[in-house]
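Enquirer: I'd like to ask some things about the structure below.
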Amino acid sequence: MINALEIKNLTFGYSKEKILFKDLSLSLKKGELKAIVGESGAGKSTLFELILGNLKPMSGSVKSAGCSQIFQDPYSSFHPSYTLLNQISDVAKLDELNHLLQDVNLEYELLLKLPHELSGGQLQRASILRAMLMKPDLLLLDEPTSALDNVIQLDVMKMLMKHLGETAMLLITHDMDLAAWCADEVIRI
């Protein structure tokens, strides 16, 4: 099986004095979920920027298949002036919309609203819906449940894991218990 993500001997820092990664290697296949755990400032979000190609490594390589990202703050994931449906249809085909709406426990009518008209949990589920409709080979999860209460956190992670057979997932989290519960491998940085 071809890797959705292949990182080889990655070294990166914002300066030679502050190296965040030295010779980091990581591979991820469809059907796998790996978690990156570390303190604030350890470079977790920077790693995602490297995977997305927004930053260039000092050395080593990063190769990734088509990816989508689910951000920590769902309110910053959507433009405030456009309905959710407009923003989802701009980046994804809607052929599996009804099926995935059931999976994320959202009503179609909510997609006709502006982002500020939804709760944080509803908006995060809409963000997940958008990411899954994009059919990514790699799904980057940047603290996707940190703004949610514990019951909704568990529901969201179970829903994401239900789709693990369709994609590879890389999760950034501070929550070691969450990482241990859902990940095939936990990587501390």
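Laboratory data are not the source of any read-out in this text; all were calculated from the coordinates shown. In this text the structure is predicted, and so the values were computed from the model without any measurement. Every residue, glycine as well, gets a Cβ built from its backbone with ideal geometry; the counts of neighbours run over all protein chains shown.
Enquirer: Under 1.5 on a/c is rounded, so check that first for the chain, then, if it is not, pick prolate when a/b is larger than b/c and oblate when it is not; a ≥ b ≥ c are the square roots of the alpha carbon gyration tensor eigenvalues.
Expert: prolate
Enquirer: Next question, about the same structure. Count of lysine pairs in region 2-42 with Cα atoms under 22 Å apart, counting only pairs 8 or more residues apart in sequence or on different chains?
Expert: Eligible lysine pairs with Cα atoms under 22 Å apart amount to 7.
Enquirer: Considering only the other residues whose Cβ falls under 11 Å of the Cβ of residue 120, what net charge follows from Lys and Arg at +1 and Asp and Glu at -1?
Expert: Counting the neighbours of residue 120, the net charge comes to -1.
Enquirer: Quick one: net charge around residue 61, please, counting Lys, Arg +1 and Asp, Glu -1 for every other residue with C-beta under 10 Å from its C-beta.
Expert: Result for the neighbourhood of residue 61: +1.
Enquirer: Right, here's the next one. If you fit an axis through the alpha-carbon atoms of helix 120-133 and take the longest principal axis of the Cα set of the chain, what angle between them do you get, 0 to 90°, nearest 10?
Expert: The answer is roughly 70 degrees.
Enquirer: Return one number: the angle in degrees, 0 to 90 and rounded to the nearest 10, between the long axis of the Cα atoms of helix 150-162 and the longest principal axis of the Cα atoms of the chain.
Expert: Orientation of helix 150-162: about 80 degrees from the principal axis.
Enquirer: Please give the calculated 222 nm ellipticity per residue for the chain, where each DSSP H segment of at least 4 residues contributes -39500 (n - 2.57) and the sum is spread over every residue; nearest 500 deg cm²/dmol?
Expert: -8500 deg cm²/dmol
Enquirer: Moving on. Number of Lys-Lys pairs in region 37-189 under 23 Å by Cα, sequence gap 8 or more or different chains?
Expert: Value for region 37-189: 9.
Enquirer: OK, next. Residue 73: net charge of surrounding residues, Cβ under 13 Å, Lys/Arg +1, Asp/Glu -1, itself excluded?
Expert: So the environment of residue 73 carries a net charge of -2.
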